[in-house]
Amino acid sequence: MCDDTRTRVLNAAGPIFAEKGFHRATVREICRAAGVNVASINYHFGDKERLYIETVKRARQARVAQAPLPSAHPDDPPEERLEAFVHTMLMRMIGIEEPPWQWKLMMREILQPTKAFEEMIDEYFLPEFHMLLDILDELLPPDVPEHTRTQVGLGIIGQCLFYRIAANVIQMMIPAEERARHYSVDELTRHICRFTLAALEQSTTPRTRDEPSEVSVCDESATDELA
């Protein structure tokens, strides 16, 4: 019965926190929606903040359970492990049917992080991000600075996240037939991996002395000439 009450509270808290946020949502309305006594919050969670943290974690865990990272063998080529990683990220972001409140609550945390997000970073995001960095270690030269490797990793995550955050914009910009053909999880996985690997190859391939160099957008001398 205790587990049932706890689950009922979490189920009721999710949509309310997603709609109102932590500060505007009240314990009383959550308990009313769950059909439990107000004292249940203190008994099962200690306080409202811990209830909120557990609700956010539950939203995250629901997606992870539906799209867990595949177990990779160390001998698998890094390109294949990168593809598996990107595919999993995209599945979690756009490939899973989920209650609307789950993503809404997660977006609140992304835009306005709370202690709940701090705990998720330690428990979920950092371990998975380090898995991605380990893959990049095999794709990048050994002398690449650590901050550059991290930037590349964040760029990969950013590409995946874009298709979730900008889903409505993409839907308005891209015809339905084209989206169906080229914007599935599998197609986007291939695109992001091809784009990333091509960029890594281009950035790490030394040019010959006679090969003309491209002008960087950050090249101050080029900027002076254009002024």
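The values are calculated or read from the model by the stated rules, or taken from the named source; none is laboratory data. All of these numbers come straight from a predicted model, not from anything done at the bench. Because the Cβ atoms are built from the backbone with ideal geometry, glycine has one as well, and the counts that use them run over all protein chains shown.
The figures follow:
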item	result
Those residues of segment 175-205 which are under 22 Å from the mean Cα position of the chain (by Cα) and among the hydrophobic types (A, V, I, L, M, F, W, C), in sequence order	Val185, Leu188, Ile192, Cys193, Phe195, Leu197, Ala199, Leu200
Helices (runs of 4 or more DSSP H) wholly inside segment 1-113 that include at least 1 residues being touching a residue at least 40 places away in the same chain (Cβ under 8 Å) and among the basic types (Lys, Arg)	48-66, 78-94, 100-111
Qualifying residue in segment 101-118 (condition: surrounded by fewer than 17 Cβ atoms within 10 Å (Cβ to Cβ), among the aromatic types (Phe, Trp, Tyr) and not assigned by TED's automatic domain parsing to the domain that holds Asn11)	no
Cβ pairs under 6 Å, 6+ apart, first in segment 187-212 and more than 28 Å from Glu177 (Cα to Cα) and among the polar types (S, T, N, Q), second at pLDDT below 95 and outside any helix (DSSP H, G or I)	Thr204/Pro141
Within segment 166-186, considering residues that are touching a residue at least 12 places away in the same chain (Cβ under 8 Å) and part of a helix (DSSP H, G or I), the one nearest to Leu111 (Cα to Cα)	Ala167
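The rows are residues; the columns are (1) small (Gly, Ala, Ser); (2) under 19 Å from Ala13 (Cβ atoms); (3) over 18 Å from the mean Cα position of the chain (by Cα); (4) assigned by TED's automatic domain parsing to the domain that holds Leu126.
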site	(1), (2), (3), (4)
Val36	no, yes, yes, no
Asp47	no, yes, yes, no
His73	no, no, yes, yes
Leu82	no, no, no, yes
Met93	no, no, no, yes
